Amino acid sequence: MPGTGTGKLVRRIAWQLRLVFLFAVLAVLPYLLSYSQQEIAVLLVINVLLVSSYRLLTLTGEWSLGHVVIMGVGAYASALLAKRLGVSVPVSLLLGGGIAAATAAVLSFPLFRMKGFYFLIGSFAAGEIIRLIWKRFTEPFGGPKGLKRIDAFPDIDIGFLSIDFFEPVNYYFLALVVVSASLFVLYRIERSRIGLTFHAIHWQDRLAESVGIDTFRYRTLAFVIASFFAGIAGGLYAHYVGAVNPTRFGVDQMVYVLVWAIVGGTATFHGPILGVVVLTVINEIVLRALGLDTARPLIYGAILILSVLYLPNGLESLAPRVRERVRRWRSGPAATGEGAG
Amino acid sequence: MDLLWQTAVNATYAASYMALIAVWLVMIFGVMGVINFAHGELYMVGAYCVVFLYAQENFPFLLAVAAGLIFVGLVGLVMERTLFRPLRDNPLGGLIASIGFLLILQTLAVFGFGRRMGHVPPWTQDKFEVFGAILTYQRLFVIAAAIVLLAALWAFLKRSKFGRALRACAQDAEAASLQGISMNQTARIAMFIGAALAGVAGALTAPLVSPTPYIGHSIIVTAFIIIIVGGVGSLEGAVIAAVLYAFVHTFVTTFFDGVVANIVGLALMLAVLVVRPTGLFGAKERA
């Protein structure tokens with residue numbers, strides 16, 4: 001077929017245009033929102049990074065129940081570095097991610113001796129141990145009450161430009177930049193040779209091993225990279241909210257991440273992002289408006305069950321299905337019309 | 001010495017209800033290949049049956065326990081039919097769906113009874129001494145009930161025809177169904193018994209623990225530790241691990257504190273997972 005080259009180019013341009021459009025929407029968005037909605041938008045952006053980093057881990061086929069705790073490791077580390085050692089916040093954010101990644105590297109020794117269900121339970125246990133350590137040791141973790149008055153992001157003030165990151169709008173843009181950069185890295189990793197190896201390990205781990213891939217090392221690598229970005233998300237959270245405590249990183253939060261990932265669908269890069277955005281919007285607009293805040297876990301639970309039962313490939317699989325329906329529906333009447341004519 | 005002995009008596013009580021909860025979680029895993037994350041919430045529902053019928057409506061305690069048994073068993077049937085049966089080929093899906101179910105049960109409990117601790121008055125204040133250690137009749141009753149129920153289960157599994165069918169399904173579902181054993185029927189009954197046992201454990205211990213809607217979390221963590229340490233798929237292992245864990249946990253709680261005890265328990269489980277993933281009593285043969 002001639003013009004495959006141009007077709008590719010057109011598609012590429014269309015894709016880039018879509019991206020530009022997306023960023024334009026994201027740039028305008030906060031100005032259309034109320035103050036409290038802006039705060040939610042900040043958390044949403046952070047959660048996008050959390051769930052996307054989680055997806056990288058699921059690429060190797062392992063489902064962890066400790067990812068939110070790893071996010072907490074980044075949050076605690078960054079907060080403590082800034083609070084106790086006076087490390088400036090952008091640096092502490094990166095170090096927090098590094099400490100989360102290092103924690104994952106250490107945990108990978110016991111955890112990756114297991115697979116599937118055992119890994120799930122093992123990661124749960126490891127996460128609970130970390131959480132209980134925060135709870136037990138008041139020094140330096142602050143015990144059950146956690147850490148408060150965590151240093152905020154320093155204001156930028158260079159004469160003509162001054163940005164106060166206490167304002168949700170400004171923090172929204174900061175988070176957006178950090179998260180977009182992180183997502184770009186995650187995306188490139190997935191498309192690289194390493195990412196393809198992750199897929200290979202998921203679907204054919206024996207075969208991957210037999211062609212000389214060290215599955216343990218690649219699983220660890222996925223876990224460490226995912227944990228680094230979860231740690232970054234944690235740092236962004238800690239310096240925005242200004243307080244962290246062990247409950248914030250508990251199992252119920254982990255369940256929300258699972259719900260986002262599963263409802264969105266983990267087969268594609270954008271699936272989990274779709275999941276977290278759609279569910280947050282439903283949550284904030286529909287539930288809050290209806291005053292059903294307390295019913296939130298119930299509705300999440302029902303959505304989780306329904307999507308496991310009826311939409312095992314997630315929301316992102318819905319679009320092609322709908323498109324298929326529409327196509328059939330369109331061709332249907334046309335075909336009968338032809339027959340009548 | 002007195003403290004040691006008293007702690008041992010307390011640990012015996014803890015072991016008995018933990019065994020009740022964990023044993024059938026193992027069985028359900030064997031028969032259906034799914035780990036029921038909502039098992040702790042079944043315990044919680046059992047406890048709230050007692051809160052409602054006994055503490056609020058003043059029915060006799062034993063009647064409330066019986067109602068809890070049947071009600072939670074029925075909840076188990078609902079779970080089997082709506083979640084585990086359609087997801088039989090997808091164990092991870094079953095587990096995740098049970099997490100969804102857990103959230104629903106929790107929220108319903110919050111709606112019905114509020115977030116705060118439910119208070120259940122003791123049904124008897126009497127207690128007696130065993131060689132210097134104090135044991136209340138309430139706790140003794142839990143221990144006795146656990147022993148009777150576990151013995152009955154044992155007889156049921158090893159002696160009755162249905163028990164054999166159940167074990168056959170746990171060993172090899174396909175071969176079992178070729179022999180004319182109905183998987184659906186077996187799974188249904190296994191799930192009913194499992195849920196009912198968790199419910200009874202919750203109902204019996206309700207006066208002793210002050211239930212909250214979130215109590216299931218600590219229960220399921222305990223149950224996981226027990227079944228991993230005992231070996232997934234080994235009923236005997238689960239009982240032994242329950243006793244072992246209850247003693248370790250109770251002693252560490254008494255001499256250090258509860259949080260340290262939880263850390264020790266989880267670390268124990270991790271260690272077992274690493275060193276011997278089949279569990280300490282992990283059978284070559286299952287169930």
Note on segment A:312-323: residues surrounded by fewer than 17 Cβ atoms within 10 Å (Cβ to Cβ) and either part of a helix (DSSP H, G or I) or among the aromatic types (Phe, Trp, Tyr) (or both) are A:Ser317, A:Leu318, A:Ala319, A:Pro320, A:Arg321, A:Val322, A:Arg323
Which condition number in (1) in contact with a Leu (Cβ under 8 Å, 6 or more places away or on another chain); (2) at pLDDT 90 or above; (3) closer than 26 Å to A:Thr58 by Cβ is the one that A:Ser92 fails? (3)
So, of the residues in segment A:289-311 that are more than 7 Å from every other protein chain (Cβ to nearest Cβ) and closer than 12 Å to A:Gly265 by Cβ, which turns out to be surrounded by the most Cβ atoms within 10 Å (Cβ to Cβ)? A:Ser307
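Looking at this structure, is A:Gly72 farther than 26 Å from A:Phe173 by Cβ, under 14 Å from the mean Cα position of the chain (by Cα) and at pLDDT 90 or above?
no
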Taking the stated definitions as given, is B:Ala170 away from chain A (no Cβ under 14 Å), without any contact (Cβ under 8 Å) to a residue 60 or more places away in the chain and among the aliphatic types (A, V, I, L, M)? no
Only one of (1) within 27 Å of A:Pro110 (Cα to Cα); (2) in contact with a strand residue (DSSP E or B) (Cβ under 9 Å, 6 or more places away or on another chain); (3) not hydroxyl-bearing (Ser, Thr, Tyr) is not met by A:Ile201, so which one is it? (2)
For B:Thr212, work out the one condition from (1) hydroxyl-bearing (Ser, Thr, Tyr); (2) assigned to a helix (DSSP H, G or I); (3) buried (at least 17 other Cβ atoms within 10 Å of the Cβ) it doesn't fulfil. (2)
How do the pairs read when you match residues in segment A:230-241 that are under 10 Å from A:Tyr171 (Cβ atoms) with residues anywhere that are among the polar types (S, T, N, Q), using Cβ under 7 Å and keeping only pairs 6 or more apart or on different chains? A:His239/A:Ser78
A:Leu279 passes all but one of (1) under 19 Å from the mean Cα position of the chain (by Cα); (2) assigned to a helix (DSSP H, G or I); (3) in contact (Cβ under 8 Å) with a residue 40 or more places away in the chain; (4) within 14 Å of chain B (Cβ to nearest Cβ); which number fails? (3)
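Could you please find all residues in segment A:243-258 being farther than 16 Å from A:Pro144 by Cα and out of contact with any Ser or Thr (no Cβ under 9 Å at 6 or more places or on another chain)?
In the first step, residues of segment A:243-258 are kept if they are farther than 16 Å from A:Pro144 by Cα; the result is A:252-258.
A:Asp252, A:Val255, A:Tyr256, A:Val257, A:Leu258, listed by residue number.
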So A:Leu85, is it outside the structural domain of A:Gly264 (by TED's automatic domain parsing) and over 15 Å from A:Ala100 (Cα atoms): yes
Count of segment A:217-274 residues which are closer than 20 Å to A:Ser92 by Cα and of a type in the set (Phe, Trp, Tyr): 5
Considering residues of segment A:69-121 that are among the aromatic types (Phe, Trp, Tyr) and either touching a residue at least 60 places away in the same chain (Cβ under 8 Å) or not in a helix (DSSP H, G or I) (or both) only, the residue farthest from A:Val257 (Cα to Cα): A:Phe112
Taking the options B:Gly76, B:Gly94, name whichever one is more than 12 Å from every other protein chain (Cβ to nearest Cβ), assigned to a helix (DSSP H, G or I), touching a helix residue (DSSP H, G or I) at 6+ places or on another chain (Cβ under 7 Å) and not basic (Lys, Arg). B:Gly76
When you scan segment B:227-250, do you find a residue that is within 12 Å of another protein chain (Cβ to nearest Cβ), hydrophobic (A, V, I, L, M, F, W, C), in contact with a Gly (Cβ under 9 Å, 6 or more places away or on another chain) and within 12 Å of B:Ala19 (Cα to Cα), even just one? yes
I want to confirm something. Restricting to segment A:122-167 and keeping residues that are in a loop (DSSP other than H, G, I, E, B) and over 25 Å from A:Gln253 (Cβ atoms), which single residue is nearest to the other protein chains (Cβ to nearest Cβ)? A:Glu167
Test: residue in segment B:104-111 that is over 19 Å from the mean Cα position of the chain (by Cα), away from chain A (no Cβ under 11 Å), surrounded by fewer than 17 Cβ atoms within 10 Å (Cβ to Cβ) and more than 15 Å from B:Ala198 (Cα to Cα): no
Test A:Thr266 against the criterion of being touching a helix residue (DSSP H, G or I) at 6+ places or on another chain (Cβ under 6 Å), crowded, with 18+ Cβ neighbours inside 10 Å and either part of a loop (DSSP other than H, G, I, E, B) or among the acidic types (Asp, Glu) (or both), and give yes or no. yes
Looking at segment A:222-260, which of its residues are away from chain B (no Cβ under 14 Å), within 25 Å of B:Val259 (Cα to Cα) and surrounded by fewer than 24 Cβ atoms within 10 Å (Cβ to Cβ)? A:Ala243, A:Asn245, A:Arg248
Restricting attention to segment B:9-54, which residues are closer than 20 Å to B:Arg164 by Cα and not hydrophobic (A, V, I, L, M, F, W, C)? B:Gly30, B:Gly33
Would you mind telling me which numbered condition in (1) surrounded by fewer than 18 Cβ atoms within 10 Å (Cβ to Cβ); (2) away from chain A (no Cβ under 14 Å); (3) closer than 30 Å to A:Thr294 by Cβ B:Gly114 fails? (2)
Condition first: β-branched (Val, Ile, Thr) and more than 19 Å from A:Trp63 (Cα to Cα). Now tell me which residues in segment A:258-286 satisfy that. A:Val277, A:Val278, A:Thr280, A:Val281, A:Ile282, A:Ile285, A:Val286
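Each row is one residue, and each column tells you yes or no for (1) closer than 30 Å to B:Trp5 by Cα; (2) in a helix (DSSP H, G or I); (3) not polar (S, T, N, Q).
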{"site": "B:Ala145", "(1), (2), (3)": "yes, yes, yes"}
{"site": "B:Ala155", "(1), (2), (3)": "no, yes, yes"}
{"site": "B:Gly163", "(1), (2), (3)": "no, yes, yes"}
{"site": "B:Ala170", "(1), (2), (3)": "no, yes, yes"}
{"site": "B:Asn184", "(1), (2), (3)": "no, yes, no"}
{"site": "B:Phe192", "(1), (2), (3)": "no, yes, yes"}
{"site": "B:Gly199", "(1), (2), (3)": "yes, yes, yes"}
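Based on what the data block shows, is A:Ile189 within 14 Å of another protein chain (Cβ to nearest Cβ) and at pLDDT 85 or above?
No, not satisfied.
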Enumeration of residues in segment B:29-49 that are buried (at least 24 other Cβ atoms within 10 Å of the Cβ), at pLDDT below 85 and assigned to a helix (DSSP H, G or I): B:Val31, B:Met32
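The values are calculated or read from the model by the stated rules, or taken from the named source; none is laboratory data. What you are looking at is a predicted structure, and each value in this text was computed from that prediction instead of being measured. Virtual Cβ from ideal backbone geometry, glycine too; neighbours counted across all protein chains shown.
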